[in-house]
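All remarks here apply to the structure that follows.
The values are calculated or read from the model by the stated rules, or taken from the named source; none is laboratory data. All values derive from a computational prediction rather than experimental measurement. Neighbour counts run over all protein chains shown; Cβ positions are idealised from the backbone, glycine included.
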Amino acid sequence: MKSGIVVLDFGGQYAHLIANRVRRLRVYSEIQPPDVDAKELEGACGVILSGGPASVYDPDAPPFNAEVLRAGLPVLGLCYGHQLVCQCLGGEVAPGSTKEFGSAVLAVRSRSGILKDLADREVVWMSHGDAVRRLPDGFEVLGSTPDCPTAAVGDPGRRIYGLQFHPEVAHTPSGMKILDNFLTLCGCPRTWTMENYIRATTEEVRAQVGDRNVFLLVSGGVDSAVAFVLLNRALGEARVLGLHIDNGFMRKRETALVREALREQGFRNLHVVDASEDFLLDTEGLTDPEAKRKAIGTTFLRVKDRVLADLRLDPEAYLLGQGTLYPDTIESGGTRHAAVIKTHHNRIDLIAALIAEGKVVEPLAQLYKDEVRELGETLGLPKRLVYRHPFPGPGLAVRALCARGDEQFEGLEEAQGQVEEIAARYGLKARILPLRSVGVQGDFRTYAHPAALWGEAGWGDLERASTEITNRVRAVNRVVYLIAPDTLPALRPKRAFLSRPRLDLLREADEIAMTALETHGLMDEVSQMPTVLVPLSSDGQREAVVLRPVSTPDFMTARFTELPRPVVDEIAKRILALGGMEAVLYDVTHKPPGTIEWE
Ligand code: XMP
């Protein structure tokens, strides 16, 4: 390989984020499976072992080629990788006394090597159940957190290090410094740039497509827009056909905006179709999030085939282009050892089959949102397009939760008691809500209940209460705070599916929330703000709505954004004035444990 860093992917949610961070530090990096042949490491400057969902003592833990540790290269193990390094070199790993998710404070013992130039105490991001109990010979503790005495360890002589926390996520503020230190002690050349990426990808696309053409689904978000421009560059306008499918789950005026923005850029090869009726029919009566996502993915493909037929294009002459980013793949369980968090619409089985046949072109599949934005700017796209908030392919369909209305959730009494007890310490009331949403904890998908809190509280207390509840109460993976009215109504599941009236109502609420962000100059502070329609009702008519503003550079981890209270109150007032909604809640959950979207 070129001189750079090999990242071994044990299936952790952040494995590719490590490669992204290394590239941000201008060092070439490549992902390899953990059982990589030692030959692949020739020319590498160092190796990073990622985290992963397994335990090192699981019989079905990913097979690892321990030769890697004997190649004489500097090694950095992260989370699972850290435990594996310690175990392989003679240390011992065991389940920790407490599982840790979220922020912790690292007391730095040795401010040299990978912890060079750090402060005495550093905030770090943890997501683990196991911990290293005994160090291998030659290793020393470089830093500890209150719950993890072996949070940073190493053998500086052999240049082998292990960190229980995740320096690669943005919520470890000095994480980049730590990775930078590692790259320095590896002696990596700093020569990697976006221009290099464009050059390499253009060549790859030309080689893959050969003399065929590409048909690309353009949702209008930054990913598909950048992929569209890159493909146009690589193949020429005559060989690329963009298709924007209005699935009925778009935001207000979204389709018109997409069409105009790309026209303004001079592209004439974008075709727009309204297929909202197809999507509504195909998702009729569905309530399970994965079933909805898969149905939507399948309909996209069916509509695409119909359009190809209508335009009398030979399907054999066209490959399917997608603006898939790396997180779409990893969270769909698309790398060898990763768990499925949610199946993104561009990762359903039918598409996986097309990928296996080499019929899908994904020029952004290794990138994260921040890299795609940089790429978009390098390609000359205007900032207003490049910095739009992302919007998921299945759109409002995954933000309008559905229910049969007869759901019964038994056995929540103990959890309810625990939630009430924690909330009471903050002077708040609490109730577990009778529905579930998707979350991610320790590299696994969860599907559990939100707990609603109400009463007077500042964001700081809400954050603490939320973290305590989701860490301690297994039945709860998300916490929401009631903005209006003052007391939580007695909410019960309401029979509700994806229907035009519900989608229209959500579209209006979303428009109110987004306009408020724009008017108050908050678009940059917030990375994304889903508005979620929740089929809970006290009168069987109206529903509840949740605001989910998050701040995140990469969408893999996120903090809930603490918006100014007057702005939140104004949004709530306007949403309630629409009629149709009886409660406005505010999601106060970080990711992990809650994903950004609710399903
Ligand atoms: P989660 O909910 O997994 O979201 O924390 C992370 C980011 O991915 C977006 N998202 C999707 N994007 N197709 C997409 O194109 C999908 O199926 C999908 N699901 C989630 C989400 O909006 C957020 O930006």
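Screening the candidates THR298, THR324 for the property of being closer than 24 Å to THR552 by Cβ, of a type in the set (Val, Ile, Thr) and within 16 Å of the ligand (Cβ to nearest atom) yields one hit, THR324. Would you mention how many residues in segment 399-416 are within 16 Å of the ligand (Cβ to nearest atom) and either in the same structural domain as ALA15 (by TED's automatic domain parsing) or not hydrophobic (A, V, I, L, M, F, W, C) (or both)? Residues in segment 399-416 being within 16 Å of the ligand (Cβ to nearest atom) and either in the same structural domain as ALA15 (by TED's automatic domain parsing) or not hydrophobic (A, V, I, L, M, F, W, C) (or both): 1 in total. Within segment 387-398, the residues that satisfy the criterion of being more than 9 Å from the ligand (Cβ to nearest atom) and either basic (Lys, Arg) or surrounded by fewer than 18 Cβ atoms within 10 Å (Cβ to Cβ) (or both) are TYR387, ARG388. Within segment 123-153, being assigned to a strand (DSSP E or B) and of a type in the set (D, E, K, R) holds for ASP130, ARG133, ARG134, GLU140.
Reported count of residues in segment 432-468, each being away from the ligand (no atom under 16 Å from the Cβ) and either in contact with a helix residue (DSSP H, G or I) (Cβ under 7 Å, 6 or more places away or on another chain) or not assigned by TED's automatic domain parsing to the domain that holds VAL534 (or both), is 5.
Close Cβ contacts (under 7 Å, 6 or more residues apart or on different chains) running from residues in segment 574-599 that are over 17 Å from PRO535 (Cβ atoms) and in contact (Cβ under 8 Å) with a residue 24 or more places away in the chain to residues that are within 15 Å of the ligand (Cβ to nearest atom) and among the acidic types (Asp, Glu) comprise GLY594/ASP587. The strands (runs of 3 or more DSSP E) falling completely within segment 1-112 that include 3 or more residues that are polar (S, T, N, Q) and at pLDDT below 95 map to 92-108.
What residue, among those in segment 358-386 that are away from the ligand (no atom under 14 Å from the Cβ) and in a loop (DSSP other than H, G, I, E, B), is modelled with the lowest pLDDT? Restricting to residues being away from the ligand (no atom under 14 Å from the Cβ) and in a loop (DSSP other than H, G, I, E, B), the top hit is GLN366. Number of residues in segment 329-339 that are within 12 Å of the ligand (Cβ to nearest atom) and modelled with pLDDT of 70 or more: the value is 1. When each of GLY154, GLY220 is tested for being touching a helix residue (DSSP H, G or I) at 6+ places or on another chain (Cβ under 7 Å), modelled with pLDDT under 95 and not acidic (Asp, Glu), the lone residue that passes is GLY220. Pairs linking a residue in segment 420-445 that is modelled with pLDDT under 95 to a residue that is in a helix (DSSP H, G or I) and among the β-branched types (Val, Ile, Thr), with Cβ atoms under 9 Å and 6 or more positions apart or on different chains, are GLN441/THR470.
Restricting to strands (runs of 3 or more DSSP E) lying wholly in segment 159-252: which have 2 or more residues that are within 16 Å of the ligand (Cβ to nearest atom)? Of the strands (runs of 3 or more DSSP E) lying wholly inside segment 159-252, those with at least 2 residues that are within 16 Å of the ligand (Cβ to nearest atom) span 213-217, 240-246.
Residues in segment 197-207: is at least one buried (at least 17 other Cβ atoms within 10 Å of the Cβ), modelled with pLDDT under 95 and under 24 Å from HIS389 (Cα atoms)? Yes; the residues of segment 197-207 include at least one that is buried (at least 17 other Cβ atoms within 10 Å of the Cβ), modelled with pLDDT under 95 and under 24 Å from HIS389 (Cα atoms). Is it the case, given these coordinates, that ASP486 is modelled with pLDDT of 95 or more and either within 15 Å of the ligand (Cβ to nearest atom) or not hydroxyl-bearing (Ser, Thr, Tyr) (or both)? Against the criterion (modelled with pLDDT of 95 or more and either within 15 Å of the ligand (Cβ to nearest atom) or not hydroxyl-bearing (Ser, Thr, Tyr) (or both)), ASP486 qualifies.
The residue list GLU407, GLU468, GLU413 contains one member that is modelled with pLDDT of 95 or more and in contact with a Pro (Cβ under 7 Å, 6 or more places away or on another chain), which is GLU407.
Within segment 187-224, the set of residues being of a type in the set (A, V, I, L, M, F, W, C) and out of contact with any strand residue (DSSP E or B) (no Cβ under 9 Å at 6 or more places or on another chain) comprises MET194, ILE198, ALA200, ALA207, VAL222. Take the residues in segment 269-322 that are over 29 Å from the mean Cα position of the chain (by Cα) and small (Gly, Ala, Ser); name whichever of them is farthest from ALA397 (Cα to Cα). Out of the qualifying residues, it is ALA317. Inside segment 413-433, residues that are surrounded by 16 or more Cβ atoms within 10 Å (Cβ to Cβ) and assigned to a loop (DSSP other than H, G, I, E, B) make up a count of 3. Against the conditions (1) part of a helix (DSSP H, G or I); (2) more than 16 Å from the ligand (Cβ to nearest atom), LEU506 satisfies every one except (2). When ASP569, ASP587 are screened for being closer than 16 Å to ARG436 by Cα and among the charged types (D, E, K, R), only ASP587 passes. Residues that are among the aromatic types (Phe, Trp, Tyr) and under 27 Å from VAL132 (Cα atoms) within segment 22-57 comprise just one, TYR57.
Annotation note: of LYS292, LYS342, the sole residue that is modelled with pLDDT of 95 or more, within 14 Å of the ligand (Cβ to nearest atom), surrounded by 20 or more Cβ atoms within 10 Å (Cβ to Cβ) and not assigned by TED's automatic domain parsing to the domain that holds LEU503 is LYS292. Pairs meeting the criteria (first residue in segment 193-214 and free of Cβ contacts under 8 Å to residues at least 40 places away in the same chain, second residue crowded, with 16+ Cβ neighbours inside 10 Å, beta carbons under 8 Å, at least 6 apart or on different chains) are THR202/LEU230; THR202/ARG233; THR202/ALA234; ARG206/ALA234; ARG206/LEU235.
Name the residues in segment 22-70 that are touching a residue at least 40 places away in the same chain (Cβ under 8 Å) and among the charged types (D, E, K, R), would you? Across segment 22-70, the qualifying residues are ARG23, ARG24, ARG26, GLU42. The sole residue among VAL419, VAL372, VAL360, VAL386 that is farther than 20 Å from MET556 by Cβ and assigned by TED's automatic domain parsing to the domain that holds THR283 is VAL360. Looking across segment 266-284, the residues that are among the charged types (D, E, K, R) and either buried (at least 19 other Cβ atoms within 10 Å of the Cβ) or not in a loop (DSSP other than H, G, I, E, B) (or both) come down to ASP274, GLU277, ASP278, ASP282.
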